[in-house]
């Protein structure tokens, strides 16, 4: 079992019938292949959340890749393993076993290889537990693509087939396109989610900052003190009352009562 | 805390941040809430040995002490006034 190179399809090959989905060798008509690949890009641009992206990836994999009967995404982060999207219970069972035992092609191989292909893993002796579980689940061959890999984490798109030698060169090309698009969309979505979280955190901070600023202004005007002295007054009251400074500020702004600092 | 030389302040702030498990980003948000105007890299610099002025130091100290308050722990970070 070796890593397979993703072969380019022979565009314009006159042995292909443009009107049919595939010829006897399993090669997809160029027009159809191009249309499928364009669909992948289009479909993955539309979803908004990470979960929607992941669901789309596995669904598109089964829909567009002829040899693929089942698909799943596996995310490993330190000791945590997530299987956030699958198209079948069989994949969930097999990938869960891989994740729990840290033993299987999607954990092992995908860390070192961008693409991993086994046309019949039941005949391979390297992952006997995985092979047995997969066979029991009815899965026979696998085509796995790395989505990302970092020091302690990795993500993989695992495509399974229920028969041996199921994946054609075109399937591998489609898988590579889906995986590349998926990886890019995931990175973008994760970055934008992080930006939203960041913006929300800062918005919240700025709301409190505004109240604290108002409270400082009241004290500065009332006590003829500087801004730093007003902050110190609020801070001492926060310590004395054991409540957050923004709460001390809110009470002052709402009631006008001078904060109790405990000073006699 | 011994004295209020910049390096001591940095150490006190960073030690407290680690003790209460606050991320740098979360500390920055809380510092902004207090009225701080520094950006995230500035806060990283303060904790890493860059000089931190009295005002920014007290904002960070308050942000950290409120985190300890949430954790129901004593407030261990002294303010500039306490150091004089």
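Would you mind stating whether residue B:39 is within 12 Å of another protein chain (Cβ to nearest Cβ), exposed (fewer than 15 other Cβ atoms within 10 Å of the Cβ), more than 12 Å from the chain's Cα centre (by Cα) and touching a residue at least 40 places away in the same chain (Cβ under 8 Å)? Considered against the rule, which asks whether it is within 12 Å of another protein chain (Cβ to nearest Cβ), exposed (fewer than 15 other Cβ atoms within 10 Å of the Cβ), more than 12 Å from the chain's Cα centre (by Cα) and touching a residue at least 40 places away in the same chain (Cβ under 8 Å), residue B:39 comes out as no. Is it fair to say residue A:251 is over 30 Å from residue A:143 (Cα atoms), facing chain B (nearest Cβ under 10 Å) and either free of Cβ contacts under 8 Å to residues at least 12 places away in the same chain or within 40 Å of the chain's Cα centre (by Cα) (or both)? No. Which residues, counting only those in segment A:238-248, are within 9 Å of chain B (Cβ to nearest Cβ) and part of a helix (DSSP H, G or I)? Correct list: A:238, A:239, A:245, A:246. When residue A:197 is tested against the conditions (1) over 30 Å from residue B:82 (Cβ atoms); (2) touching a helix residue (DSSP H, G or I) at 6+ places or on another chain (Cβ under 8 Å); (3) at the interface with another protein chain (Cβ under 10 Å from one of its Cβ atoms), the lone failure is (2). Please pick out the residue among B:73, B:22 that is more than 26 Å from residue A:229 (Cβ to Cβ) and surrounded by 15 or more Cβ atoms within 10 Å (Cβ to Cβ). Checking each option against the conditions leaves just B:22. Starting from residues that are at pLDDT below 80 and not in a helix (DSSP H, G or I), keep the ones in segment A:151-189 and report whichever is surrounded by the fewest Cβ atoms within 10 Å (Cβ to Cβ). Out of the qualifying residues, it is A:151. Each residue in segment A:204-237 was checked for being more than 7 Å from chain B (Cβ to nearest Cβ) and under 14 Å from residue B:79 (Cα atoms), and 5 of them qualify. Comparison of B:54, B:74 shows that the only residue that is farther than 17 Å from residue B:14 by Cβ and free of Cβ contacts under 8 Å to residues at least 12 places away in the same chain is B:74.
Restricting to segment B:42-58, and then to whatever is more than 8 Å from chain A (Cβ to nearest Cβ), in a helix (DSSP H, G or I) and within 23 Å of residue A:210 (Cα to Cα), can you tell me which residue is farthest from the chain's Cα centre (by Cα)? Out of the qualifying residues, it is B:42.
Go through the residues of segment B:64-84 one by one and say whether even a single one is more than 14 Å from every other protein chain (Cβ to nearest Cβ) and modelled with pLDDT of 90 or more.
Step one: of segment B:64-84, the residues more than 14 Å from every other protein chain (Cβ to nearest Cβ) are none.
No, that holds for no residue.
The values are calculated or read from the model by the stated rules, or taken from the named source; none is laboratory data. Not measured: the values here are computed from a predicted model. For neighbour counting, all protein chains shown are included, and Cβ atoms are generated from backbone atoms with ideal geometry for every residue, glycine included.
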